Amino acid sequence: MADIAARKRSLTDRSIVAAQAVLTGRRHGVRGYLAFAGPAVVASIAYMDPGNFATNIQAGAKYGYTLLWVVLLANLIAMLFQALSAKLGIVTGRNLAEMCRDRFPKPIVWAMWVVSEIAAMATDLAEFLGGAIGLALLFKMPLLSGMIVTAIITYGILMFESRGFRPVELIISSLVAIIALCYLVEMFIAPVDWSAAAWHTVTPQIADAGALLLSVGIIGATVMPHAVYLHSGLTQARIPAHDDNEKRVVLRISNVEVLVALAIAGLVNMAMVMMASSAFHAGHSDVAEIETAYHTLAPLLGVGAAGIFLLSLIASGISSSVVGTMAGQMIMQGFVGFRIPIWLRRLITMIPAFVVVALGVNATTALVVSQVVLSIALPLPMIALLMFTRRRDIMGVFANSRLTNVVAVIGTALVLLLNAVLILQTFGLPIPGF
């Protein structure tokens, strides 16, 4: 009878039971620890969304391997802040948006919510358009049809949320695996100059103002505001920890998952830049659009490489669109305390993408601009997260160490500096040194 009852448990229930067995010392080994995996993998899809495709293709095509160091830097910053976000949820049982609502004055809370909603729309514009572009190119359908198909698939995946956290985590994990495998294959197809790639990964260089703008876009596409909010929500009540010792175990496993998941995301981003550099930089440096990249890849590297590129783009667009909707719902509930039906949330965040297409705006340009918007919105959650995780009255013994605080402050200051440069460039003001 016990075996029958165990088989009838949902995937989510079985994951919780397995995780609790690890926490109480009744279970050991990799299979037990896999029950904790999921939140960082879901958050990592934000770092492989179609906005990354747009900025990375432009960076590789125009500047070769020279901006790889920006991708590495952005990924390291992302690792730190995703780990802090996960820690906030695990230790306090509250997500970042809820903490802001509890601790900040109402005018600030409302302002943060409005900025977060604008960022969510910019995020969804990139994700939704990316999936639609991929479907339209692969199946030779109108872009509008691709958008409708993307919306239907996204909504279908979101319906699995009613069965608990595990089914959606597994679906997203499968899509992440598809993206990673696609770019692993691309690395064998593209003629990558590995020594040049390695050199520029660790050698900072900004060629001109255009490279600076792309660098801001890369950071905006890599360190995502909604992912910083979402991760704390994914961990806050997933596996309840009853005392500090259990919290330490969950935190240790969470940190390992963040490192692995975001390392994979970082490698995928670097592979995008390397593929674009090796394929386009020498003779097609003007490639700046996803559609052009696809049509140029086919004669250069073969139809297989172009098809793999589109498959990864579709997996990225669909999965990141699901995650973006989940984050938007959690942000709204956290800041202002109410939820709306998933279909309405999905509809609201889809509207900008349909407007862009209806107005005839270049889709890839819209993707890059959306990443710049995200980069401007990013400092708010970063600063709030740093403020909360450094306080002992909130985090207790899990408050940030002095070293963690210093590194987090440097990361936040860097993002603020890049945003200031972006604003100067947007208004046509001179940028020192350029």
As computed over segment 103-146, the Cα convex hull volume per residue (Å³): 57 Å³
Residues with beta-carbon under 11 Å from that of Asn255, excluding Asn255: net charge, scoring Lys, Arg +1 and Asp, Glu -1? +2
Beyond 14 Å, the calculated P(r) of segment 104-176 holds a percent of Cα-Cα pairs equal to 72 percent
Normalising by the residue count of segment 16-139, find the relative contact order in percent from Cα pairs under 8 Å and 6+ residues apart. 26 percent
Arrange Phe280, Phe160, Phe338 by Cβ neighbour counts within 10 Å, fewest through most, would you? Phe338, Phe160, Phe280
Given Cα pairs under 8 Å that are at least 6 residues apart, what percent is the relative contact order of the chain? 35 percent
C-alpha long axis of helix 290-301 to longest principal axis of the chain, angle in °: 70 degrees
Let me test this: with uniform point scatterers at the alpha carbons of segment 51-104, what is the Debye-based log₁₀ I(q)/I(0) at q = 0.29 1/Å? -1.07
Compute the acute angle (0 to 90°) between the alpha-carbon long axis of helix 106-138 and the principal axis of greatest extent of the alpha-carbon atoms of the chain; round to the nearest 10°. 60 degrees
Listed with the fewest Cβ neighbours within 10 Å leading, Arg345, Arg14, Arg392 appear as Arg392, Arg14, Arg345
Relative to the compact-globule scaling 2.2 N^0.38 Å, provide the ratio for the alpha-carbon radius of gyration of segment 1-154. 1.41
Ranked by GNM mean-square fluctuation in the chain (Cα springs under 10 Å), the top entry among Lys247, Lys106, Lys87 is Lys106
Helix 165-189: inclination vs the chain longest Cα principal axis, degrees, rounded to 10, gives 30 degrees
Treat the count of other C-beta atoms within 10 Å as a stand-in for reagent exposure and order Arg94, Arg27, Arg252 from fewest to most. Arg252, Arg27, Arg94
Can you tell me which of Pro341, Pro142, Pro379 moves the most in a GNM of the chain? Springs connect C-alpha atoms under 10 Å apart. Pro341
Taking Rh as the Kirkwood radius computed over C-alpha pairs, what is the Stokes-Einstein D of the chain at 37 °C in a medium of viscosity 0.692 mPa s, expressed in µm² per second? 150 µm²/s
Which of Leu230, Leu96, Leu175 fluctuates most in a GNM of the chain (C-alpha springs under 10 Å)? That residue is Leu175
Can you order the peptides 15-24, 203-212 by their average number of other Cβ atoms within 10 Å per residue, highest first? 15-24, 203-212
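No value in this document is a laboratory result; all are computed from the given coordinates. Since the structure is predicted, the reported quantities are computational estimates derived from the model, not experimental observations. Ideal geometry is used to build each Cβ from the backbone, glycine not excepted, and the neighbour counts take in all protein chains shown.
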